[in-house]
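S.K.: Provided herewith is a single structure, encoded as structure tokens, for subsequent inquiry.
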Amino acid sequence: MSHNCDDALERMYLYIDGELTTESAEAIKVHINDCPPCFDAFHFEERLKIVVRTRLQEEVPSELMIRLKSIIRSETLPD
């Protein structure tokens with residue numbers, strides 16, 4: 001695996017989520033299309049994300065949401 005593969009795999013989720021700059025996304029896209037192992041890894045992760053998203057569309061209980069928000073607030077507030 002080359003340095004380009006390491007970089008592409010490291011930033012794959014950012015690419016899939018559309019969180020890269022246009023320039024960075026294009027570089028990853030070019031690499032993925034030219035590198036069969038990275039192409040396979042990318043498409044596996046992309047399909048996995050779709051499966052997880054569709055399978056986990058259950059309603060979160062309001063009590064859990066309240067508790068999670070409280071925990072997040074306590075973690076982000078300065079001491």
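The values are calculated or read from the model by the stated rules, or taken from the named source; none is laboratory data. The structure displayed is predicted, hence computed values, not measured ones. Cβ coordinates were reconstructed from backbone atoms using ideal geometry, including for glycine residues, and neighbour counts include every protein chain displayed.
S.K.: Any residue in the range 14-25 that is in a helix (DSSP H, G or I), under 17 Å from the mean Cα position of the chain (by Cα), surrounded by 10 or more Cβ atoms within 10 Å (Cβ to Cβ) and of a type in the set (Ser, Thr, Tyr)?
M.R.: Yes, the range 14-25 contains a residue that is in a helix (DSSP H, G or I), under 17 Å from the mean Cα position of the chain (by Cα), surrounded by 10 or more Cβ atoms within 10 Å (Cβ to Cβ) and of a type in the set (Ser, Thr, Tyr).
S.K.: Right, Ser74: part of a helix (DSSP H, G or I) and at pLDDT below 90 or not?
M.R.: In short, yes.
S.K.: For the range 27-71, give me each residue that is outside any helix (DSSP H, G or I) and closer than 30 Å to Asn4 by Cα. Reasoning before the result, please.
M.R.: Our first condition is that a residue be outside any helix (DSSP H, G or I); within the range 27-71, this holds for 35, 56-61.
If the condition is that a residue be outside any helix (DSSP H, G or I) and closer than 30 Å to Asn4 by Cα, then Cys35 is the only one that fits.
S.K.: Still on this structure, please answer the following. Of the conditions (1) of a type outside the set (Lys, Arg); (2) surrounded by 11 or more Cβ atoms within 10 Å (Cβ to Cβ); (3) within 20 Å of the chain's Cα centre (by Cα), Leu56 fails just one. Which one is it?
M.R.: (2)
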